1. List every residue pair whose Cβ atoms lie under 6 Å apart, where the two residues are 6 or more positions apart in sequence or sit on different chains, the first residue falls within segment 66-83 and is surrounded by 11 or more Cβ atoms within 10 Å (Cβ to Cβ), and the second residue, located anywhere, is in a helix (DSSP H, G or I).
2. Restricting to segment 59-83, name every residue that is modelled with pLDDT of 85 or more and either among the hydroxyl-bearing types (Ser, Thr, Tyr) or farther than 22 Å from TYR41 by Cα (or both).
3. Which ones in segment 16-58 are loosely packed, with under 12 Cβ neighbours inside 10 Å, modelled with pLDDT of 85 or more and more than 17 Å from the chain's Cα centre (by Cα)?
4. With the requirement that a residue be closer than 21 Å to LEU79 by Cβ and without any contact (Cβ under 8 Å) to a residue 12 or more places away in the chain, what does segment 18-27 give you?
Amino acid sequence: MSANQTQDTKVTIKIPRALYNRLSEIVSGTGFNSVTDFIIYVMRDLASSKAQMDAFENGDQDKLSREEIEAIRKRLKSLGYLS
């Protein structure tokens, strides 16, 4: 993958420094390697929850997308239920 491809797959999000510092304190001593990793985890979790609520409201609660299945697998693996 070239440098241009890497740059095209990520964007910068600005947050207040005070919030970043607070998140840094929260992340310290956890399994997260950085504040960025923590923020990505939280945003993916929120996006997944929103998708699940939308599916429930539309009557599609029994159908999971591939992304949702993969997210569940990753969570179970991180919790030690899957290897």
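The values are calculated or read from the model by the stated rules, or taken from the named source; none is laboratory data. Note that the structure is a prediction, hence the values are computed from the model and not measured. In this analysis, Cβ positions are derived from the backbone assuming ideal geometry, glycine residues included, and neighbour counts consider all displayed protein chains.
1. Note: pairs meeting the criteria are ALA71/SER48; LEU82/LEU76.
2. SER78
3. Once the filter is applied, which keeps residues that are loosely packed, with under 12 Cβ neighbours inside 10 Å, modelled with pLDDT of 85 or more and more than 17 Å from the chain's Cα centre (by Cα), segment 16-58 yields PRO16, ARG17, ALA18, LEU19, ASN21, GLU25, SER28, GLY29.
4. VAL27
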